[in-house]
Amino acid sequence: MKIGLVGYPGAGKSTVFGALTGLAVEARGAGDKARLGVVKVPDARVDALAKLYSPKKKTYAEIAFTDLAGGHGEGVDRGVLNAMRPLDALCQVVRAFPDAAGEAPDALAEITGLATETILADLEIIESRMKKLAKDPAGKVELPLLERLKNTLESEQAIRELELSSEERKAIAGYTFLTQKPLLLVLNVGEGDVSKPPAEDVVAAARARGLGLVVLSGAVEMDIAQMAESEQADFLASLDLSEPAKNRFIRAAYELLDLISMLTAGPDECRAWPVPRGTPAPRAAGKIHSDIERGFIRAEVVAWQDLVELGSEASCRDAGKLRVEGKSYVIQDGDVVNFRFNV
Ligand SMILES: Nc1nc2c(ncn2[C@@H]2O[C@H](COP(=O)(O)OP(=O)(O)O)[C@@H](O)[C@H]2O)c(=O)[nH]1
Ligand SMILES: [Mg+2]
């Protein structure tokens, strides 16, 4: 699962990437290679479980971000659009601070600009495909669906805004439409604006498109990332913040991938395991080890709050909070799970 930081040149993608990953920001224009960084998903549930078990190891879920190469010119070019194709989700970094030359930002223009470019790129694919299918008798099935997508795009809507059945989704998966990818907006504001509400037109644009919006300052987050932990706490307190904005952003990106966390807890390790929403217990067990999936007998499940509140699995069992679930159980976010299996 890979999330791309996309947007206009100078919007702050590389700065945000640096703050997320702790990697140094490369000189402007230096990076013609895309950079990839793995980021831990901050999770207070793992911390709470670790307090209970004092485990040897504490492991967070991880997601991969990429800082796309290219895009040194004006706006969003073809190279950037093509680089988006293989990604699972997109985070558009939007400039809302005056740039080094003092030029005022136009956040709304960047949001609508990228939307338009991706719509046009998808339309191009659909139109050439429709031309081919028109001559092909087998194309009869697919054409009406493509026609619907085309109408959606022509009315300036993204494909993700369209209600599609799972069969329809499957039918178009191979096209890797850009406007079908989940998208999160990251409003990169100036240092003085971190605790102000975002501009109303930007909020309205996000809402109209059904997109999430995270407000942060790449520069501030970069500073925080470079501080010692003790310094961080004081600095955050001075801004009246309980945690860096980057944590909120990472969690929102995790949700964007439609991932939830299954938890495991014990004296060896307390850990969050990313699983796609809707995953049945045996398949989730397979994330830990394929043997557990193969020999799956049952899952013993307790909600993390219950475990933390009652203090042990035994007291959860006594209180009737420990559930025994079978093969068809669908893992829920925050389930602490113990699998029983045959070897
Ligand atoms: N004042 C301010 N400058 C920023 C912020 N984020 C990025 N910048 C600056 O904006 C310029 C472009 O940022 P960069 O991350 O290279 O943008 P990219 O082209 O999208 O990768 C750099 O000079 C950054 O230092 C911010 O939050 N506040
Ligand atoms: Mg960059």
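Bear in mind that the values in this text are calculations on the coordinates, not laboratory data. Remember, predicted model here, so these are calculated numbers, not experimental data. All Cβ positions, glycine included, derive from the backbone under ideal geometry; neighbour counts span all protein chains shown.
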Rounded to the nearest 5, the percent of antiparallel DSSP beta bridges in the chain equals 50
Note: probe point = Cα of Asp333 + 7 Å toward Cβ; backbone nitrogen < 11 Å; residues of the range 273-295 passing the test are 277
The size of the Cβ-based charge dipole (Lys, Arg +1; Asp, Glu -1) of the range 278-341 about the Cα centre, to the nearest 20 debye, is 320
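When the dipole is taken about the Cα centre of the range 112-180, and only Lys, Arg (+1) and Asp, Glu (-1) are charged at their Cβ, what size is it in debye, to the nearest 20?
Computed charge dipole of the range 112-180: roughly 320 debye.
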The farthest towards the positive end of the charge dipole of the chain, of the residues Gly37, Ala138, Ala24, given +1 on Cβ of Lys and Arg and -1 on Cβ of Asp and Glu, is Ala138
Share of Cα-Cα pairs in the chain beyond 26 Å, whole percent, is 57
Between the modelled labels at Asp223 and Glu147 (7 Å from Cα along Cα→Cβ) the distance in nm is 5.8
Taking a straight Cα-to-Cα line shorter than 24 Å from Lys140, and setting aside same-chain lysines fewer than 8 residues away, one finds Lys131, Lys132, Lys150, Lys170
Rh_Kirkwood(the range 112-180) over Cα pairs, Å, one decimal, evaluates to 12.2
Over its alpha-carbon atoms, the range 145-187 yields an Rg and a Dmax in Å of 10.9, 35
With +1 at each Lys and Arg Cβ and -1 at each Asp and Glu Cβ, the charge dipole magnitude of the chain around its Cα centre, to the nearest 20 debye, comes out at 1500
Per residue, the convex hull enclosing the Cα atoms of the range 196-343 spans a volume in Å³ of 176
In Å, the Kirkwood hydrodynamic radius from C-alpha pairs for the range 32-142 sits at 18.5
With T = 20 °C, eta = 1.002 mPa s and Kirkwood Rh from C-alpha pairs, the Stokes-Einstein D of the range 278-341 in µm²/s is about 181
Given the candidates Ser54, Ala101, Val76, the one whose Cα lies deepest towards the positive end of the charge dipole of the chain, counting +1 at each Lys or Arg C-beta and -1 at each Asp or Glu C-beta, is Ser54
Inter-part gap, Cα centre of the range 256-333 to Cα centre of the range 87-131, in whole angstrom, is 40
